[in-house]
1. Restricting the search to the range A:93-122, which residues are assigned to a loop (DSSP other than H, G, I, E, B), modelled with pLDDT of 85 or more, in contact with a Ser or Thr (Cβ under 9 Å, 6 or more places away or on another chain) and closer than 25 Å to A:T145 by Cα?
2. Of everything in the range B:160-197 that's among the aromatic types (F, W, Y) and part of a loop (DSSP other than H, G, I, E, B), which residue is surrounded by the fewest Cβ atoms within 10 Å (Cβ to Cβ)?
3. Is it the case that some residue within the range B:269-277 is closer than 22 Å to B:W66 by Cα, touching a residue at least 12 places away in the same chain (Cβ under 8 Å), in a loop (DSSP other than H, G, I, E, B) and not acidic (D, E)?
4. Name the single residue that is surrounded by the fewest Cβ atoms within 10 Å (Cβ to Cβ) among those in the range B:222-238 being within 9 Å of another protein chain (Cβ to nearest Cβ) and touching a residue at least 60 places away in the same chain (Cβ under 8 Å).
5. Could you please let me know if A:T168 is among the β-branched types (V, I, T), assigned to a helix (DSSP H, G or I) and surrounded by fewer than 20 Cβ atoms within 10 Å (Cβ to Cβ)?
6. Being surrounded by fewer than 21 Cβ atoms within 10 Å (Cβ to Cβ) and either under 16 Å from the mean Cα position of the chain (by Cα) or facing another protein chain (nearest Cβ under 9 Å) (or both) is true for just one of A:R28, A:R108, A:R127, A:R90. Which residue is that?
7. I'd like to check something: does the range B:261-268 contain any residue that is at positive phi, more than 14 Å from chain A (Cβ to nearest Cβ), touching a strand residue (DSSP E or B) at 6+ places or on another chain (Cβ under 8 Å) and surrounded by fewer than 19 Cβ atoms within 10 Å (Cβ to Cβ)?
8. Any residue at all in the range B:289-302 that is surrounded by fewer than 21 Cβ atoms within 10 Å (Cβ to Cβ) and either in a helix (DSSP H, G or I) or not assigned by TED's automatic domain parsing to the domain that holds B:L115 (or both)?
Amino acid sequence: MNAMTSTDAPALDISGLRKSFGKAEIIRGIDLSIGKGERHAVIGPNGAGKSTLFNLITARFAPTSGTVKLHGKDLAGLQPFQINRMGLSRSFQITNIFPAMSVFENVRCALLWSHGYKYSFWNMVGRSRDLTEGADRILEQINLTSRRDLPAGVLSYAEQRALEIGITIAGGADVIMLDEPTAGMSHSETDYIMDLIRTVTVGKTLIMVEHDMGVVFGLADRISVLVYGEIIATGKPEEVRGDARVQEAYLGAALEAEH
Amino acid sequence: MSDLKHTDIEDGTEQITTDPTDAREKMRAGSMTYTLMPWIVGAVLLVIMPFIFTSNSALTIMNQMWITVVFALSYNMLLGQGGMLSFGHAVYAGVGGFAAMHIMNASDFFASFPLPVLPLFAGLFGMGLALIVGSFSTRNAGTVFAMISLGVGELIAACSVIIVAFFGGEEGISGDRTYAMPFFGNEFLQQIDVYYLTSFWVLLSAVLMYLWSRTPVGRMANAVRDNPERAEFLGYSARWVRFYSFVASGFFAGIAGGLFAINYEILTEENLNTASSGVILLVTFLGGVGFFFGPIIGAVVFTLVQTVLSLQTELWAFYAGVLFLATVMFFPGGLAGLIMMHVPAFKTGRAGTLVMPYIKTLLPAAVGVLAVSALVEMTFHVRHAATGDYDMTLFWTTFNSHSLLPWIIAIAVAVLAFWITRRNMPELRAAWATANTAREGTV
């Protein structure tokens, strides 16, 4: 998607990232490098700053200090739509779709920019076969073909989450960021969504925030553990699970419950 | 919901029908005619209307109606499609109209092109103003946008008495449309000529505005309206999307202003003040912002109230206000929403079961409303008629408004009518439920 970027730069490079809201420092110096094609999970207890980190990366918030580089290019001062055009796409923790529009149209809107339609007012979207077929293909991938013409707002919660993932990947971004895609889901729904994420992100860089390590264990190449605004461990899932500090800070209870 | 409807129709043209026995696939197969049909019907109506309503006053009313249609549709590009609530939309129509008047008065230039081109210039002036205002007002939607639109509206309305050279002060600017280059020998001396000129522009503008809503930027206007943040993460700047909609809307508002200039040959401060901006908001909302054709219905109904009803009663604005209030409170989807509510029942073929319950409730309700309006009129007559003038005429009956009998009759009719309505309501509700539950299985 991006010809201008150097090939050996990591997909995402975060260094010295800090964020304060008033006196409270939520993100306290984060360094993290995520390689191309890596599936990286950021886990941590509630209030650890996972979503804040996410919002810093995607320019929803401006960092107090530090830099975030996408494909080697600094994101400071860019608007969300500019970052998106550089090949980064994100989902939201709270379902964030276009509820009044049809499921099909939700996906089609996500395709418009990457298909080069931009702000054109001389094209008819209904006549563009590439858009219709592309959107239908995405719907197939996220198993919502049967819901195609319903308003997105009437879908079940799990379906809306699936749609959100569909919207996130539709634009063809090579870096996908998912913010707690399984939040509030039952076990079977969680398994379903994780399978979906696995298939739709093949060949892409995935950064995913999750509350529960068990959910990402089988999917992530590497896991970072975020506690009180700091990353206390980064590594392969097995290493992280074995890390004493991680167990002490966060995983103890979860692991006991698992075994 | 509106988008959904359109999606069904529009995308149907690209769909390969897989199962022709499926009702929906059938509809898709024939959808090209389905899409074009309303436009053809509209064009035919525009052409034949003057043969049905031949009087000059009817032509004037229809011209007024079509101008309001363009104006309301352009307003809905902001409100309905873009989620931008403007309290100053009249300035774009007004400035377009004033520009058209000045062109009319620039005799050499005006004589160099035929009159039907004039609205285009007016549109460009409306668009020019929208370019300037939109450059800062579309940064935000919501309250900020609404307040800026109000401020700019007041500002330009105030300018009309300050910049007399352009706005003509209190008497406005007048001109003569017949000085244009004859258009195939036609100098637009007669009302009927102006009617067809207006009709042409109404149809063209409506088609263009409809097509606009089908383009990428038009579709994204809906997305930005629903969820600007999500739209930004799809690669679109919410601000630019709003800006394009705003500029396009200014263009079509300007066309409405140009048509006004041609029709009335005079523009005054009234054309761009806040009251006019308020009226177009009312018209659009009355028709329904959720559907493309909503503002058309709103414009037709409102113009009828404004012209036909105002001949019958001085209180027409009161009734228009009540109608607006009732719409906002009980049918937020407007008249268009009310119509579209019945589509499922029609699709399942059960709309027929609603006819009798409707007659049983709506007929007495209408009688009740008339009785109440009679009370309103009688009160008005008692309070405002000249002293000693006791005679009033209502529903083709002349009576003494100061005697007790008409009051008793009106109150009795109102109470009885509403009582019948109320008694028949459950039946309507039940019929409505059956007509709409059947759809579960089929659609």
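The values are calculated or read from the model by the stated rules, or taken from the named source; none is laboratory data. Computed from a predicted model, the values in this text were never measured in an experiment. So basically every Cβ, Gly included, is an ideal-geometry build from the backbone, and we count neighbours across all protein chains shown.
1. Correct list: A:A100, A:M101, A:H115, A:Y117.
2. B:F184
3. yes
4. Among residues in the range B:222-238 that are within 9 Å of another protein chain (Cβ to nearest Cβ) and touching a residue at least 60 places away in the same chain (Cβ under 8 Å), the one surrounded by the fewest Cβ atoms within 10 Å (Cβ to Cβ) is B:D226.
5. Considered against the rule, which asks whether it is among the β-branched types (V, I, T), assigned to a helix (DSSP H, G or I) and surrounded by fewer than 20 Cβ atoms within 10 Å (Cβ to Cβ), A:T168 comes out as no.
6. A:R127
7. The answer is yes; a qualifying residue exists.
8. yes
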